[in-house]
1. For a quick check of understanding: with a 1.4 angstrom probe and all protein chains in place, what accessible area in square angstrom does V192 have, to the nearest ten?
2. Once fully extended, how much extra length lies between A270 and D28, figured as 0.36 nm per residue of separation less the alpha-carbon to alpha-carbon distance?
3. Out of residues 5 or more away from V127 or on other chains, whose amide H comes under 5 Å of its own, with H placed 1.01 Å from N in the peptide plane?
4. Per residue of region 146-162, what does 6.51 cos²θ - 1.76 cosθ + 1.60 with θ = phi - 60° give for ³J(HN,Hα)? Whole Hz please, x for Gly and Pro, Karplus curve as stated.
5. For D191 and V127 in the same chain, what is the full-extension length gain: residue separation times 0.36 nm, less their Cα-Cα distance, in nm?
6. Roughly how many Å² is the accessible area per residue of the chain, as a whole number, for a 1.4 Å probe?
7. Run through region 247-344 and list the trypsin sites (Lys or Arg not before Pro) located in a DSSP loop whose Cβ has at most 14 other Cβ atoms within 10 Å.
8. Please figure out what share of the DSSP beta bridges in the chain is antiparallel and state it in percent, rounded to the nearest 5.
Amino acid sequence: MKLHGKTAKKNLLLLPLLFVPLFAFCRDITVMTFNIAHNSSYKKQHREEWINAIAEVARDNGADIILLQEVPVELQSGFAKHYYGDIEIHFKRPKRRTILDEIRMELGENWSFFSTADYLLHDGITVDGVSYSGGDMAQNNAIFYDGSVLSAEDLSDSLGFRSFPACRYRFNKNNVQAARFTVLPEEGEEDVHFVISNVHLTSKNSIEKRDWDLHTLYDMLLNEYGGEISDEPVMAGGDFNTNRDEFTRKGFSGYIVDGRTSPRTTLSTAKPGFRYVNDYDHFVYNTAMMEHVKKPAERASVGNGGNNFEKAGSVEIAGIVSASSGEFREKISDHVPLIIVLEF
């Protein structure tokens, strides 16, 4: 139908007003996953510089949510003892103030975190014929988030992680996390919720336990949050210690794996010059989350080295200079972080 005269002008003037709300309330949420540990004395000797470097990488990439694995949380001597029927369980006892608090302070006053430190297994245990391992002080996960952008609920209690072995989803070391995030609404916006699980699965040296954890993770995401049929966006990120091409074979056919490929993010002594060798860091998400992915997963920018470490002559982060990727591995981490951008 054609519009004529004053009616046409009136409708044309209204068009911008009709379209503004469709775009005004879009929010970008950047999620970063970073395995920050490596067995190095450098972090003990240069603790403050190392923490500053982790925070600077997060700031440089505009991270709103940070999934950390292998956070070296200092522990008190001894352990917390709990009984579940005839089963005696030993949990770790983190010190009152740890590296987690120092990272939060460096990120800024609006930041908060959830940690697995107070419910990790201290010793190995066998439950229902399945053996679960304890972990050292570095086997800890943490989820950090910017409280000026998001509110968050730690789902560890509802999932029963603090009641091991009575929980429905038992993981090796008990160091998997899940949190429900809400994008803080502006005036006129509706609340937007999504779930993110932070994982660190057992290394390739213990394939049986890793595969058990992978299947358990899939069961948790599928049964607890509805998997691909859910309207709620759901994502798992972290160090899976497995290559991306194994996901379908391991039962993750109900979830979308970003691009079916992943950039290599792990530095290894098995490669000459400590170059990238493994694609162990991933984001896995359901169909509902796929609709919000604005920018697929890629390596994060690391200091002046950009996001391709193999082409960088040296890397400087927060005053820490690494002349090679091997030196970066010793000083910062044997992983380079992965980021993904979501739009809500």
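1. Surface accessible to solvent at V192 totals approximately 50 Å².
2. On the way: separation 242, 0.36 × 242 = 87.12 nm, distance 3.75 nm.
Using 0.36 nm per residue and subtracting the Cα-Cα distance, I get 83.4 nm.
3. Hits under the 5 Å cutoff: Y132.
4. Rounded to whole hertz, the list is 7, x, 7, 10, 9, 10, 8, 10, 6, 9, 4, 5, 5, 8, x, 5, 8.
5. Gain on extension, D191 to V127, equals 19.0 nm.
6. On the way: 15900 Å² over 344 residues.
Counting only protein heavy atoms, the per-residue value for the chain is 46 Å².
7. In loop regions of region 247-344 (DSSP not H, G, I, E or B), the sparsely surrounded trypsin sites (Lys or Arg not before Pro) are R249.
8. On the way: 54 of 65 bridges.
In the chain, DSSP labels about 85 percent of beta bridges as antiparallel.
The values are calculated or read from the model by the stated rules, or taken from the named source; none is laboratory data. This structure is a prediction, so every number in the text was calculated from the model and none was measured. In this analysis, Cβ positions are derived from the backbone assuming ideal geometry, glycine residues included, and neighbour counts consider all displayed protein chains. Only protein heavy atoms, including side chains, enter the accessible area calculation; ligands, DNA and RNA are left aside. Shrake-Rupley method; radii C 1.70, N 1.55, O 1.52, S 1.80 Å.
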